[in-house]
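Values quoted throughout were computed directly from the atomic coordinates according to the rules given, and no laboratory measurement underlies them. Only a predicted model underlies this, so the values are computations on that prediction, with no experimental measurement involved. Every residue, glycine as well, gets a Cβ built from its backbone with ideal geometry; the counts of neighbours run over all protein chains shown.
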Amino acid sequence: MAFFETKEIRKFFGGLAAVDSVSFKVEQGEIYGLIGPNGSGKTTIFNLINGYYPLTEGEIYFQGKRISGLKTHQICRLGIGRTFQVVKPLKRMTVLDNVIASAFLRTSTKADAVQLAEETIAFAGLTQVKDKLAKSLPIASRKRLEIARALATKPKLLLLDETAAGLNPSELDEAIALIKKIRESGITIIIVEHIMKVIMTISERILAINHGMPIAEGTPAEVASNHEVIAAYLGEEGA
């Protein structure tokens, strides 16, 4: 069985199918990309995976265990962490305290939580700002803090939702390096990203969706040259 798998998952909001019969598998150690135009259902898929939304139909499996129907905190404890498209740190708390809050999922004492948080902050390249208030950070550092908070839960699978949005070219390169570093540490990654430089550089395989439905799956080169994918982004005339 695959490390992670969705089977014909569907999500309806009233009569609207936000996600419609999406199935895919992710192998351990892989970076798997999800792409599609705005409103295509990518973030909704993440919300279904981590239990933020209940499934309308279908099943989700992680390491052979069915996780659909579990609560969000139960899924996180099993080893699925995530970031959010719109970062929302605890603004009046320091970077260190933000990460300590996440570390308590895996620790039972303040000392252990502080140690785990400091190790995670160093890994994410935030040591120099660990005592700054989260609200004072520029967007690139806030994105890194979002990742650090997720990493402090010690995930086996990490869902990254547009972690490169709003970054300048040099910050993009740093973000790519961090994502690769996370995978090298043994964490499997599913990433949603609009910036093609990021998704095409780091993903082994990509699933493209449109209107909540899969339209192509394969290597970055295969998906980038797929007629339906090009039409979804540029329209039929552009394709």
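Just to verify a number: FRET efficiency for residue 114 and residue 139, C-beta to C-beta distance, R0 = 25 Å, to 0.05?
Details: r = 26 Å, r/R0 = 1.06.
Efficiency computed from Cβ-Cβ geometry: 0.40.
Straight-line reach from residue 88: taking Cα to Cα under 16 Å and skipping same-chain neighbours fewer than 8 places apart, the aspartates and glutamates in range are 97, 146, 161, 162.
Once you keep just the Cα pairs under 8 angstrom separated by 6 or more residues, what percentage relative contact order results for the range 39-126?
On the way: 58 pairs, mean separation 15.3, N = 88.
About 17 percent, as a whole number.
So what's the angle, to the nearest 10 degrees on a 0 to 90 scale, between helix 227-238 and the longest Cα principal axis of the chain? It works out to around 70 degrees. With a/c under 1.5 counting as rounded, go ahead and sort the range 38-88 into rounded, prolate or oblate using the C-alpha gyration tensor (a ≥ b ≥ c being the square roots of the eigenvalues; past the cut-off, prolate if a/b is larger than b/c, else oblate). It is oblate, given that a/c is not under 1.5 and a/b is not larger than b/c.
Counting only C-alpha contacts under 8 Å and six or more residues apart, can you give the relative contact order of the chain as a whole percent?
25 percent
With each label modelled as a point 7 angstrom along the Cα→C-beta vector, the residue 233-residue 7 pair spans 3.3 nm.
Neighbour counts of C-beta atoms inside 10 Å place 108, 40 in the sequence 108, 40, starting with the fewest.
Computed from the Cβ-Cβ distance with R0 of 25 Å, the FRET efficiency linking residue 93 to residue 128 stands at 0.90. For residue 180 and residue 219, the difference between the fully extended length at 0.36 nm per residue and the C-alpha to C-alpha distance is 12.3 nm. Looking at the square roots a ≥ b ≥ c of the eigenvalues of the Cα gyration tensor of the range 149-228, which shape do they give, rounded for a/c under 1.5, prolate if a/b is larger than b/c, or oblate? Since a/c reaches 1.5 and a/b is larger than b/c, the shape of the range 149-228 is classed as prolate. Can you tell me which lysines have their Cα less than 22 Å from the Cα of residue 65? Leave out same-chain residues fewer than eight positions away. Once the sequence-local lysines are set aside, what remains near residue 65 is 7, 11, 25, 154, 156.
How much of the DSSP beta bridge set in the range 4-238 is antiparallel, as a percent to the nearest 5? Around 55 percent of the beta bridges assigned by DSSP in the range 4-238 are antiparallel ones.
Is the shape of the range 1-90 best called rounded, prolate or oblate, per the rule: a/c under 1.5 gives rounded, else a/b larger than b/c gives prolate, else oblate, with a ≥ b ≥ c the square roots of the Cα gyration tensor eigenvalues? Each step should come with its number before you reach the end.
Numbers: a/c = 1.30, a/b = 1.12, b/c = 1.17.
Cα axes put the range 1-90 in the rounded bin.
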